[in-house]
Amino acid sequence: MLICTDLRCDGRQNPRAVATLKPDIGWRIESDEPNVKQAAWQLRAALCDTRMAGIAEDWHESAWQEDPNSQLRVWPELAGLQLRHDGRYIWQVRIRDQEGQVSDWSRAAAFEVYLDTEAAWQAAFITTEEERRCLRLRRLIELAADDILVDAVLRATALGVYDLELDGRPVSRDRLMPGWTEYRSRLLVSTCDLTGPLLDLGSRGRSAAWLDVRVGPGWYNGELMAQHGRPVYGERVAFFAEIELSYASGRRERILTDESWLAAAGEHSYADLYHGETVDAAHVPEWGPAVRISQDLTVLRMHDGLPVREQEELPVARRIITPAGEVVLDFGINISGYVRFTVWGETGDRVRYDHAEILDGEGNFYTANMRSARNTIDYRLAGGGEAETFRPRFTFQGFRYIRLLDWPGGPEAACPGQFRAVVIHSDYRETADFHCSHPGLVRLHQNIVRSMKGNFVDIPTDCPQRDERLGWTGDAEVFAETAMRLGDTRLFWRKWLRDMAAAQLPDGGIPHVVPDILTRMEDGVLQGYAACGWADAAVIVPWRLFERYGDLGLLAEHYPMMRAWVDYIRARATDGVLWDTGFHFGDWLALDAEPGSYFGATPNPLTATAHYARSVELLARAARVLGRAEEAVELAELRARIGCAFRERFQGPDGRLLVCTQTAAVLALAFNLLTPDQRGAVVEQLLELIDAAGGALTTGFLGTPWLCEVLAENGHLDRAYALLLREDYPSWLYPISRGATTIWEHWDGIRPDGTLWSADMNSFNHYAYGSIGSWMHRVIGGIRFGDPRLMGRELIIAPRPGGGLTWADHALDTDYGRVRVRWEIEDDVFAVDVTIPPNCEAELCLPWSGRRLHLGSGQHRHLDSK
């Protein structure tokens, strides 16, 4: 058996909107034989009929491509077939392995090219005549009576966020469309397949249906903007759509947003991401003609990320009457999403509830850490005796609990079965499993996964609950490697990095948050950007993407942004090498901060210069792989000078650092800022600092991601395990002892005595410290990627047991297939079972003997002894 499966174009299966004539393509290989490698591949394609299923003309074949990679391949030249705008194509692939065996053609996949040029758009943005925060729009979709509908697609965006229904039924799984971008530069257009819902009309004896659109402020002009001192992107919410109907005869019909649509105030009298929704279900719209508003169409781009979708529903885990006498429903875990409920009652009866992450030390509902975010749903019933089911459309909350404030018959009358918590997040494919003999580590891994889900709602946020929920670059930078292992997030990061590039300032500076709503002018000075470790995401995240996926295209696309950021630092660093100017968050929330302060004790010139060195080093590597040889040499020389300046400023004559903090030592070691003969002294210094803290960490956002890595790579794996497995405060496992189901912002969000950190900054769903997940995967699970230029085909299997663990089982779903490593220790024998997918190979490093073995694809088992 040798077959190609999971064909993808532009990273997606059968996409309806590929905005390039040179898309990347990929496939997986399945085989029942071991040691299978692809030697070459061939593609064939044809114009597709209107259903994107049948062949409209003959196949066109490419030449055989002598190429071992089956991911991120560029669409080849096909004689007689050129991709074009609005073209629909069907394609197949086959491969030849290293033994000369040729597979059958794969099952067909399809895609549609839709270039996002201004000329492609014919519709207009429409809204109500009076300015409103929430509105409804509708259009009657009438099908031709003398033809057969075979395909219907809607392409839509909004100034705000929108929600779709056809004939009163949802037609899309997507939520909060079109998401949040740098709206002045990039406004994304999503696609929605209407074929099934429209064909369903015929089964009900109908040929027309109303398409209803609800539009709310979302990120576009809600109070999120005003909260952070920035004007809204625009004053008016509006909607834009083009609907294309294709018939069996070959006829195509387009329905565009214009004055023929109807518009009205919706049932939402209020909606806001921070504060919730106020809804009157009995509201009767007063329809009138929609009006056009002027909007720059050059900013429209086909959606290049992952849509936000409903992922799972959670029942009520328990109903609580708090000491304060309030009815609280507990859904068991901390999530991002909303509550769907079903209710019966009279017209005007009220359902009102708010949200919280925790109960306080006395067991009462706790919302102080939400700050100004009200997170309240206020729903008035339509009445009439029918059951009413409601879900919010224009908001989401971070929560585990809801407090019932109003309910028909009183909060005590509510039945837990009437409620479901709905988890939403960007629709990435989960790719990692991790289990081991230590239940606390399994729980920690689960909490990391949940915090990623909770903070990957269209952008990588810091937290999902309080009046913030911003795309903080520092949090994203430290968590990116873990995120790329937990989920197939290449497209998620692609979208966000394009917004980062759009937000980059003319001087090369990178905002604190992306999309940027914090950069501002104060006293004639631009503020809110260019902090070390945060803005370095401009270099680090593109490089992480290359390491994980081998995506040279994205690396090349973002190289100018990466270079401009390094040049920004260089222009402000003393002598071009010591970055000792500007504002920095530093080792944020480190435990060695002064009482009441968020800023760790490690001086900013040290953390800034260390991150400057790292960004220059990664940029030099990027220059090399992109063929920019002269730049690579120049940057390597700059990196050497930065290292010298660092040692002159921060190292004493005995080789130890003059700055005595754990993070200072960790960064100096992790970023290779010391000469080989100096490393030992700083390692010893780090161990002393850990001992002085009672065997605990004191690191913050910048030091923590590297702490275990530095210890393990410098001969102290046992100390790394000791920190990881520590259960007393402060530690990764301490929050679990306090009932945490996600990662906390603070090591002591809930202190051992039950008191809480200051409410002004105390999120209980904050993934930054979850960056330890990648270390758990690489060191305990033992799966690493080799040379990124091989695009994931080369693996290093090197589990390093310790901490008393007796077994671990880690699986990672790569682009090429599922890699699995399971090891166990019994009677002083280390046994490891390894699965390598087709077209991959691995080097197995046995932990006790040090033996190295080459593994091809297939199943392997090896033993090791001391």
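The values are calculated or read from the model by the stated rules, or taken from the named source; none is laboratory data. Quick caveat, the model's predicted, so the values are computed rather than measured. Backbone-built Cβ (ideal geometry, glycine too); neighbour counts: all protein chains shown. Side chains are part of the model used for accessible areas, which takes the heavy atoms of the whole protein and leaves out ligands, DNA and RNA. Shrake-Rupley method; radii C 1.70, N 1.55, O 1.52, S 1.80 Å.
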Looking across the range 283-317 at residues that are open to solvent by 40 Å² or more (accessible area, probe 1.4 Å) and of a type in the set (Gly, Ala, Ser), the single one that is nearest to Tyr428 (Cα to Cα) is Ala317
Within the range 243-261, residues surrounded by 20 or more Cβ atoms within 10 Å (Cβ to Cβ) and within 30 Å of His283 (Cβ to Cβ) come out as Ile243, Ile255, Thr257, Trp261
What is the one condition in (1) closer than 30 Å to Asn69 by Cβ; (2) of a type in the set (Asp, Glu); (3) open to solvent by 60 Å² or more (accessible area, probe 1.4 Å) that Asp567 does not satisfy?
(1)
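Considering each of Leu635, Leu606, Leu626 in turn, give the residue that is in contact with a helix residue (DSSP H, G or I) (Cβ under 9 Å, 6 or more places away or on another chain), aliphatic (A, V, I, L, M), within 23 Å of Leu552 (Cα to Cα) and surrounded by 17 or more Cβ atoms within 10 Å (Cβ to Cβ). Give the steps one after another, and end with the answer.
Working: Leu606 fails: within 23 Å of Leu552 (Cα to Cα); Leu626 fails: surrounded by 17 or more Cβ atoms within 10 Å (Cβ to Cβ).
Within the list Leu635, Leu606, Leu626, the selection yields Leu635.
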Residues in the range 471-512 that are touching a residue at least 60 places away in the same chain (Cβ under 8 Å), farther than 27 Å from Asp813 by Cα and among the aliphatic types (A, V, I, L, M) total 4
Residue hits (the range 10-23; open to solvent by less than 40 Å² (accessible area, probe 1.4 Å) and part of a strand (DSSP E or B)) are Val18
Any residue that is surrounded by fewer than 19 Cβ atoms within 10 Å (Cβ to Cβ) and not in a strand (DSSP E or B) - is there at least one of those in the range 775-785?
no
Residues located in the range 502-534, provided they are modelled with pLDDT of 95 or more, in contact with a strand residue (DSSP E or B) (Cβ under 7 Å, 6 or more places away or on another chain) and of a type in the set (Gly, Ala, Ser):
Ala503, Gly509
Subset of the range 24-43 [surrounded by fewer than 21 Cβ atoms within 10 Å (Cβ to Cβ) and charged (D, E, K, R)]
Asp24, Glu30, Asp32, Glu33, Lys37
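So for the range 582-600 (the condition being closer than 21 Å to Leu673 by Cβ, assigned to a loop (DSSP other than H, G, I, E, B) and open to solvent by 60 Å² or more (accessible area, probe 1.4 Å)), does at least one residue qualify?
First pass over the range 582-600, keeping only residues closer than 21 Å to Leu673 by Cβ: 582, 584-588, 590, 592, 600.
Right, trim to assigned to a loop (DSSP other than H, G, I, E, B) and you get 582, 584-588, 590, 592, 600.
Still in the running and open to solvent by 60 Å² or more (accessible area, probe 1.4 Å): 582.
Yes, the range 582-600 contains at least one residue that is closer than 21 Å to Leu673 by Cβ, assigned to a loop (DSSP other than H, G, I, E, B) and open to solvent by 60 Å² or more (accessible area, probe 1.4 Å).
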Odd one out for Phe764, checked against (1) farther than 22 Å from Ile448 by Cβ; (2) touching a residue at least 60 places away in the same chain (Cβ under 8 Å); (3) part of a loop (DSSP other than H, G, I, E, B):
(1)
Do we have Val457 as open to solvent by less than 10 Å² (accessible area, probe 1.4 Å), touching a residue at least 60 places away in the same chain (Cβ under 8 Å) and under 29 Å from His355 (Cα atoms) here?
yes
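Test Arg789 against the stated conditions and say whether it is modelled with pLDDT of 95 or more, open to solvent by 20 Å² or more (accessible area, probe 1.4 Å) and within 20 Å of Glu481 (Cβ to Cβ).
Working: modelled with pLDDT of 95 or more: no; open to solvent by 20 Å² or more (accessible area, probe 1.4 Å): yes; within 20 Å of Glu481 (Cβ to Cβ): yes.
Here the answer is no, as Arg789 does not meet what is asked.
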Select from the range 318-328 the residues that are touching a strand residue (DSSP E or B) at 6+ places or on another chain (Cβ under 6 Å), open to solvent by 50 Å² or more (accessible area, probe 1.4 Å) and part of a loop (DSSP other than H, G, I, E, B) and list them in ascending order.
Glu326
What pairs come out if I take residues in the range 719-741 that are touching a residue at least 40 places away in the same chain (Cβ under 8 Å) and among the aliphatic types (A, V, I, L, M) and pair them with residues that are assigned to a loop (DSSP other than H, G, I, E, B) and surrounded by fewer than 17 Cβ atoms within 10 Å (Cβ to Cβ) whose C-beta lies under 6 Å away, six or more apart or interchain?
Leu733/Glu727
Considering residues that are hydrophobic (A, V, I, L, M, F, W, C), open to solvent by 10 Å² or more (accessible area, probe 1.4 Å) and closer than 30 Å to Ser70 by Cβ, the number found within the range 504-552 is 2
Selection from the range 93-137 of residues that are under 29 Å from Arg393 (Cα atoms) and hydroxyl-bearing (Ser, Thr, Tyr)
Tyr114, Thr127, Thr128
Ser763 being closer than 23 Å to Asp592 by Cβ and surrounded by fewer than 21 Cβ atoms within 10 Å (Cβ to Cβ):
no
What residue, among those in the range 702-731 that are in a loop (DSSP other than H, G, I, E, B) and open to solvent by 10 Å² or more (accessible area, probe 1.4 Å), is farthest from Leu591 (Cα to Cα)?
Gly715
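Residue by residue, here is whether (1) farther than 24 Å from Ala248 by Cα; (2) in a strand (DSSP E or B); (3) in contact with a strand residue (DSSP E or B) (Cβ under 7 Å, 6 or more places away or on another chain) holds:
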{"site": "Arg8", "(1), (2), (3)": "yes, yes, yes"}
{"site": "Ile25", "(1), (2), (3)": "yes, yes, yes"}
{"site": "Arg28", "(1), (2), (3)": "yes, yes, yes"}
{"site": "Pro34", "(1), (2), (3)": "yes, no, yes"}
{"site": "Ala39", "(1), (2), (3)": "yes, yes, yes"}
{"site": "Gln42", "(1), (2), (3)": "yes, yes, yes"}
{"site": "Leu47", "(1), (2), (3)": "no, yes, yes"}
{"site": "Phe111", "(1), (2), (3)": "no, yes, yes"}
{"site": "Leu115", "(1), (2), (3)": "yes, no, no"}
Output the number of the condition that Arg16 fails; it satisfies all remaining conditions of (1) under 23 Å from Gly80 (Cα atoms); (2) modelled with pLDDT of 95 or more.
(2)
Filter the range 742-761 for residues that are part of a loop (DSSP other than H, G, I, E, B) and in contact with a helix residue (DSSP H, G or I) (Cβ under 6 Å, 6 or more places away or on another chain); which is farthest from Leu697 (Cα to Cα)?
Thr742
Out of (1) under 24 Å from the mean Cα position of the chain (by Cα); (2) in a loop (DSSP other than H, G, I, E, B); (3) surrounded by fewer than 23 Cβ atoms within 10 Å (Cβ to Cβ), the odd one out for Asp813 is which?
(2)
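Has the range 141-164 got any residue that is assigned to a strand (DSSP E or B) and open to solvent by 50 Å² or more (accessible area, probe 1.4 Å)?
First, the residues of the range 141-164 that are assigned to a strand (DSSP E or B): 141-142, 149-159, 161-164.
Subsequent filtering for residues that are open to solvent by 50 Å² or more (accessible area, probe 1.4 Å) retains 142.
Checked against the condition, which is being assigned to a strand (DSSP E or B) and open to solvent by 50 Å² or more (accessible area, probe 1.4 Å), the range 141-164 yields at least one hit.
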Taking Phe331 as meeting all but one of (1) in a strand (DSSP E or B); (2) open to solvent by 40 Å² or more (accessible area, probe 1.4 Å); (3) farther than 23 Å from Leu224 by Cα; (4) of a type outside the set (S, T, N, Q), write down the number of the exception.
(2)
